[in-house]
Amino acid sequence: MTGVNALFDEVLEKLKKYGSWVILCHENPDGDTLGCAFALYSFGKREGKRVSIVSKDTLPEVFSFFPFADELLVTKRLAPDEVKEELLISVDISTEKRALANMPELLSACADSVNIDHHGDNTRFAKTNLIVPEASATAEVITALLEAYGKGISEREASALYTALVTDNGNFRYNSTSIESHRCAQILLKSGAKPAEIDDRINENMTDKILRLWGLALSRAELFAGGSCALFWLRGHEIDGADADSSALDGLVNMLMRVKGVKIALFLAEKNGGCKLSVRSRAPYSARELAAVFGGGGHVNAAGAKIPGDLDGTLASVKKEAEKYVAFGNPSAQ
């Protein structure tokens, strides 16, 4: 705990020291990375910092209500000269591969760097790495940092951070939810976050096409490994036909966890000549261990991976590894 406190103080000192910040989101940005990044961006502007916010992928429409959403810079890489005087701030990014294409070059060129995250498999790629695996969302860490900074949290920063918090801990339903999760929620509510409005924006906006896409996936649900595992999938042309961006499929895999007896849920989405695997789990199984077999990672109960190859072959491979895991334990050890 002492080590974490020292790192917390070091990150706080760097946030105060540097007048220029470049804030990075991870690929296929979700509510946690975006909410944290936009809250920091808004706070930095209030503090008179020169700030920019960068993502290699576009902003999902569902998060367009974030403060300064139209100021997100979408690019695969930055020129090293653009960061040589900057504090590079990575939020909710477990590995530099999930940030920009030339991250190693940027990390060498920047004035300084911090990595703020809650993934247990974080590779600690920055100069200062504040990693808190017990946090239900990186939003908990950012909330604590802004609280300690001593300049308050504005209403729009609170809204962004509350969105980040609830999208990553399932509205306080997941095992990762803790006393600290609720303490942060209290701070953000006092700062002006409005839960009902936020829920409407992120959950009450499904189109007819997306509804039918979810229904198609659910119609393919298959139970195996004695009912411990559940699997479904979507093909690329089906996703494209529904005009679905990355956020449109958020939460879909969780539907399989509602099936009685299911301990591991698997969802494959065909994309760009490969497949995106989403894994959810309950004890005693680890989603992260299963995703790691395919070069992925994440949290103990929520993880994912990008898998090259055709969907049909990938389906067979994923099912085989899941069956092996249920029967023998950690599949990477087989």
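The values are calculated or read from the model by the stated rules, or taken from the named source; none is laboratory data. Note that the structure is a prediction, hence the values are computed from the model and not measured. As a convention, Cβ positions derive from the backbone with ideal geometry for all residues, glycine included, and neighbour counts pool all protein chains shown. Ligands, DNA and RNA are stripped out before the accessible areas are found, and what is left, the full protein with its side chains, is counted by its heavy atoms. Shrake-Rupley method; radii C 1.70, N 1.55, O 1.52, S 1.80 Å.
Values computed for the structure shown
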{"read-out": "Lone qualifier among Ser176, Ser228, Ser191, Ser181 - being more than 12 Å from Leu252 (Cβ to Cβ), open to solvent by less than 80 Å² (accessible area, probe 1.4 Å) and in contact with a strand residue (DSSP E or B) (Cβ under 8 Å, 6 or more places away or on another chain)", "value": "Ser228"}
{"read-out": "Wholly enclosed strands (runs of 3 or more DSSP E) of region 3-94 bearing at least 3 residues open to solvent by 10 Å² or more (accessible area, probe 1.4 Å)", "value": "50-55"}
{"read-out": "Check on Gly44, touching a helix residue (DSSP H, G or I) at 6+ places or on another chain (Cβ under 9 Å) and either in contact (Cβ under 8 Å) with a residue 12 or more places away in the chain or over 30 Å from Cys275 (Cβ atoms) (or both)", "value": "yes"}
{"read-out": "Residue in region 287-305 that is of a type outside the set (Phe, Trp, Tyr), surrounded by fewer than 22 Cβ atoms within 10 Å (Cβ to Cβ) and farther than 30 Å from Pro133 by Cβ present", "value": "no"}
{"read-out": "Every residue from region 248-261 that is open to solvent by less than 50 Å² (accessible area, probe 1.4 Å) and closer than 19 Å to Ala305 by Cβ", "value": "Leu249, Gly251, Leu252, Val253, Asn254, Leu256, Met257"}
{"read-out": "Of all residues in region 306-324 being under 17 Å from Val253 (Cβ atoms) and in a strand (DSSP E or B), the one that is most open to solvent (accessible area, probe 1.4 Å)", "value": "Lys306"}
{"read-out": "Options Leu24, Leu72, Leu59, Leu87: the member that is of a type in the set (A, V, I, L, M), under 26 Å from Glu197 (Cα atoms) and touching a strand residue (DSSP E or B) at 6+ places or on another chain (Cβ under 6 Å)", "value": "Leu72"}
{"read-out": "Helices (runs of 4 or more DSSP H) (entirely within region 112-202) containing at least 1 residues that are touching a residue at least 60 places away in the same chain (Cβ under 8 Å) and under 15 Å from the mean Cα position of the chain (by Cα)", "value": "138-149, 155-168"}
{"read-out": "Condition check for Ala327: at pLDDT below 95, outside any loop (DSSP other than H, G, I, E, B), crowded, with 22+ Cβ neighbours inside 10 Å and hydrophobic (A, V, I, L, M, F, W, C)", "value": "no"}
{"read-out": "Subset of region 263-285 (residues that are surrounded by fewer than 21 Cβ atoms within 10 Å (Cβ to Cβ) and more than 18 Å from Gly313 (Cα to Cα))", "value": "Lys263, Arg282, Ala283, Pro284"}
{"read-out": "Residues (free of Cβ contacts under 8 Å to residues at least 40 places away in the same chain and on the phi > 0 side of the Ramachandran plot) located in region 214-235", "value": "Gly227"}
{"read-out": "Failed item, numbered, when Met257 is tested on (1) among the hydrophobic types (A, V, I, L, M, F, W, C); (2) in contact with a helix residue (DSSP H, G or I) (Cβ under 7 Å, 6 or more places away or on another chain); (3) closer than 12 Å to Ala230 by Cα", "value": "(2)"}
{"read-out": "Unique match (being outside any helix (DSSP H, G or I), within 14 Å of Ala322 (Cβ to Cβ) and either among the acidic types (Asp, Glu) or modelled with pLDDT of 95 or more (or both)) among Gly227, Gly261", "value": "Gly227"}
